[in-house]
Amino acid sequence: MKRHHVWPDGHWDWPIGVCHKHGFQLGDMIWVGGQVDLTSSGEVRNPGDLAKQTANAMDYFSDVLKGMEADLADLVKLLCF
């Protein structure tokens, strides 16, 4: 099966070096790593505004899915912490 990794342009990044990608696809299965409200240089956006942080994290999540030709309607399971 073909593997596909996703890291959208302008997507948030860690303030430290990491080797993973935001999304991974193998066949029909897609996995998306935890999404947060950071800038592409790893700085916290919207400190103290949980509603805005949640909305931005979901936007990032949606962007990762788009990179694998999917969208939120394709979501089967979502874990939130």
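Scanning the range 59-77 for residues that are without any contact (Cβ under 8 Å) to a residue 24 or more places away in the chain and over 14 Å from residue 8 (Cβ atoms) turns up 72, 73, 75, 76, 77.
Scanning the range 1-38 for residues that are in contact with a strand residue (DSSP E or B) (Cβ under 9 Å, 6 or more places away or on another chain) and either part of a strand (DSSP E or B) or polar (S, T, N, Q) (or both) yields a total of 12.
When you check residue 9 against the structure, is it open to solvent by less than 60 Å² (accessible area, probe 1.4 Å), among the acidic types (Asp, Glu) and within 13 Å of the chain's Cα centre (by Cα), yes or no? Spelling it out, it is not the case that residue 9 is open to solvent by less than 60 Å² (accessible area, probe 1.4 Å), among the acidic types (Asp, Glu) and within 13 Å of the chain's Cα centre (by Cα). The single residue among 25, 35 that is on the phi < 0 side of the Ramachandran plot, touching a Phe, Trp or Tyr at 6+ places or on another chain (Cβ under 6 Å) and not hydrophobic (A, V, I, L, M, F, W, C) turns out to be 35. Of all residues in the range 42-81, those satisfying the criterion of being open to solvent by 70 Å² or more (accessible area, probe 1.4 Å), outside any helix (DSSP H, G or I), at pLDDT 90 or above and not acidic (Asp, Glu) are 44, 45, 47, 48. In the set 35, 25, only one residue is modelled with pLDDT of 85 or more, over 10 Å from the mean Cα position of the chain (by Cα) and open to solvent by less than 100 Å² (accessible area, probe 1.4 Å); that residue is 25.
The values are calculated or read from the model by the stated rules, or taken from the named source; none is laboratory data. The shown structure was predicted, so the numbers you read here are calculated from the model rather than taken from an experiment. No Cβ is skipped: glycine too gets one built from the backbone with ideal geometry, and neighbour counts run over all protein chains shown. Note: areas computed on protein heavy atoms with side chains; ligands, DNA, RNA excluded. Shrake-Rupley method; radii C 1.70, N 1.55, O 1.52, S 1.80 Å.
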